[in-house]
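Structure record follows, encoded as structure tokens.
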Amino acid sequence: MTRNDWIMVTACLGALAAGLLFPGQTAIFAPFPKACMMGVLFFNFLDIRPSEVVGSIRGKGPRTCGFLLFKMLLLPALAWGLCRLVLPGYALSALLLGGMSCGVAGPVFAAMYGVSAAFATALVLFTSLLVPLTLPLLVKTLAGLSLNVSLWEMIRLLAEVVLIPFTAAETARRFLPILIEPCRKYRFSAVVLLFVITNMGIFSGYGETVANHPEILTGTVGAASLLALLFFFLPLFLYRKDPDTALNTALGCGIMNNAIAVIFAAEQLGPTEALTAALYAVPYFLCLIPLRFAARTLTHS
């Protein structure tokens, strides 16, 4: 673990706890998570050009298609089956989280872990376009429920959250190059601050629920932890002979858009699924610690 890893994990988990413990004070940040994620991507895109995103998948058709099949169909089905056996009340949560698109924070952590942030960006784009097709199919086939995920809404969200910061970074490179080096110099501090605001904003909405029913934390955090271990470390094992593929796949599967999963669950499923999706952030950040050690082991094996 590097010093930056510890700072990131500690700050993000501290912000999560602050949101749960002090919902009234942290609710002022509730409107900002989406804007913060756009800011995170802006800082990440300062070093990624559109040609690099295209180049990251050129000649890698089988690898990319294999990842998409695994991430969008096989892994969520496996997660659903596993939870049906050991935590049946959380099987639908497993299906929702497993079938969600890759998270916009993926490219940030890909850069931190020394693998292709451009490829991680391409995976965010592809999975965001696939999820309106694959997730309702999985939920209907395995759980017998109807889930409405609008393709046009996902395209609109993708354009807003990804393309705007992408365009802003490209514009800054071309017309305001004097700003690039200062942005790079303070990038990590800015990204940590944006994650902190995001976590306080999201979890302020669950502080009252957790305060009134603290017992629900045991089941939801337990289920989320089981899923995080599966999502992060199964890919590492399956692709252990190819460190770059193993890490890219682990980050792509383990870091999903759980904030969007929270919205879908709250609107179309139920409180258990929404809270599990939100509390997935706890093991998600904790898994970054052993993932760093696993990355070094794979690299030097």
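Read the figures in this text as sums done on the coordinates, not as results from a lab. Here the structure is a predicted model, which means the values were calculated and not measured. Because the Cβ atoms are built from the backbone with ideal geometry, glycine has one as well, and the counts that use them run over all protein chains shown.
Data for the structure
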{"item": "Lys, Arg +1 and Asp, Glu -1 on Cβ, resulting dipole of region 157-301 about Cα centre, debye, nearest 20", "result": "740"}
{"item": "R0 of 30 Å, Cβ-Cβ distance Phe188-Ala27: FRET efficiency to nearest 0.05", "result": "0.65"}
{"item": "The chain: most fluctuating residue of Val40, Val282, Val54 per GNM, C-alpha cutoff 10 Å", "result": "Val54"}
{"item": "Per-residue HN-Hα couplings for region 29-42 [Karplus 6.51, -1.76, 1.60; θ = phi - 60°; Hz; x = Gly/Pro]", "result": "8, 4, x, 9, x, 5, 5, 5, 5, 5, x, 4, 5, 4"}
{"item": "Karplus-derived HN-Hα couplings along region 69-79 (A = 6.51, B = -1.76, C = 1.60, θ = phi - 60°), whole Hz, x at Gly and Pro", "result": "5, 5, 5, 8, 10, 5, 5, x, 5, 5, 4"}
{"item": "Qualifying GluC sites (Glu not before Pro) in region 157-265, DSSP loop, other Cβ atoms within 10 Å at most 15", "result": "Glu215"}
{"item": "Burial ordering of Glu153, Glu52, Glu273, fewest other beta-carbon atoms within 10 Å first", "result": "Glu153, Glu52, Glu273"}
{"item": "Whole-Å semi-axes of the ellipsoid equivalent to region 4-50 (Cα gyration tensor, √5λ, descending)", "result": "26, 16, 5"}
{"item": "Extension gain, Glu153 back to Val86 (0.36 nm per residue minus Cα-Cα distance, nm)", "result": "20.7 nm"}
{"item": "Dipole-positive endmost among Leu179, Val210, Ala265 within region 124-265 (Cβ charges, Cα centre)", "result": "Leu179"}
{"item": "Globularity index of region 3-300, i.e. its alpha-carbon radius of gyration over 2.2 N^0.38 Å", "result": "0.95"}
{"item": "Approximate spin-label separation Asp244-Ile178, in nm, with each point projected 7 Å along Cα-to-Cβ", "result": "3.8"}
{"item": "Cut-off under 5 Å, modelled amide H: who pairs with Met256 long-range", "result": "Gly103"}
{"item": "Trypsin sites (Lys or Arg not before Pro), loop per DSSP, at most 13 other Cβ atoms within 10 Å - longest free stretch of the chain", "result": "59-240"}
{"item": "Proxy reagent accessibility, fewest Cβ within 10 Å first, across Phe29, Phe175, Phe45", "result": "Phe175, Phe29, Phe45"}
{"item": "Anisotropy class of region 139-203 from Cα gyration tensor, a/c 1.5 cut", "result": "oblate"}
{"item": "Proxy reagent accessibility, fewest Cβ within 10 Å first, across Thr134, Thr64, Thr218", "result": "Thr218, Thr64, Thr134"}
{"item": "Magnitude of the charge dipole, region 3-300, Cβ model with Lys/Arg +1 and Asp/Glu -1, debye to 20", "result": "800"}
